[in-house]
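All remarks here apply to the structure that follows.
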Amino acid sequence: MGNRQRKRRELNVSTKREQLEKLQVLLADTYKDSIEEMRETGDYNAALLNGARQLLKDNDVTSLSEQGSPLGNLAEVLPFDDDDQTKEAIRQAP
């Protein structure tokens, strides 16, 4: 493979990675907004909550320690209240 082809391929990989990152942020923000709306109305959609939970799990978000990131913000709005001892156990888990 020539030098030009290699550079073009590296740019394509970088562009795809950036597009996937943007998509992940958009998805996390959409889930967050939807969950916040559910909290306001009190009408929860189990499928949507499960999708948000799976997104967090797939990205190894297991605690609220990543506050400020799109996934951390999503984790904050989920309507699951764990006691402090459970939250600490989750933070300590490998």
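No value in this document is a laboratory result; all are computed from the given coordinates. Bear in mind that the values here come from a model prediction, so they are computed numbers and not experimental data. Glycine also receives a Cβ, built like all others from the backbone with ideal geometry; neighbour counts cover every protein chain displayed.
Report D for the stretch 1-41 in µm² per second (integer): Stokes-Einstein, Kirkwood Rh on Cα pairs, 20 °C, 1.002 mPa s.
D = 172 µm²/s.
Given R₀ = 30 Å, what would the calculated FRET efficiency be for GLU21 paired with GLN54, taking r from the Cβ atoms and rounding to 0.05?
Working: r = 18 Å, r/R0 = 0.61.
That gives a FRET efficiency of 0.95.
Could you sort 14-22, 32-40 so that the peptide with the highest average Cβ count within 10 Å comes first and the rest follow in order?
My ranking of the peptides, most packed first, is 32-40, 14-22.
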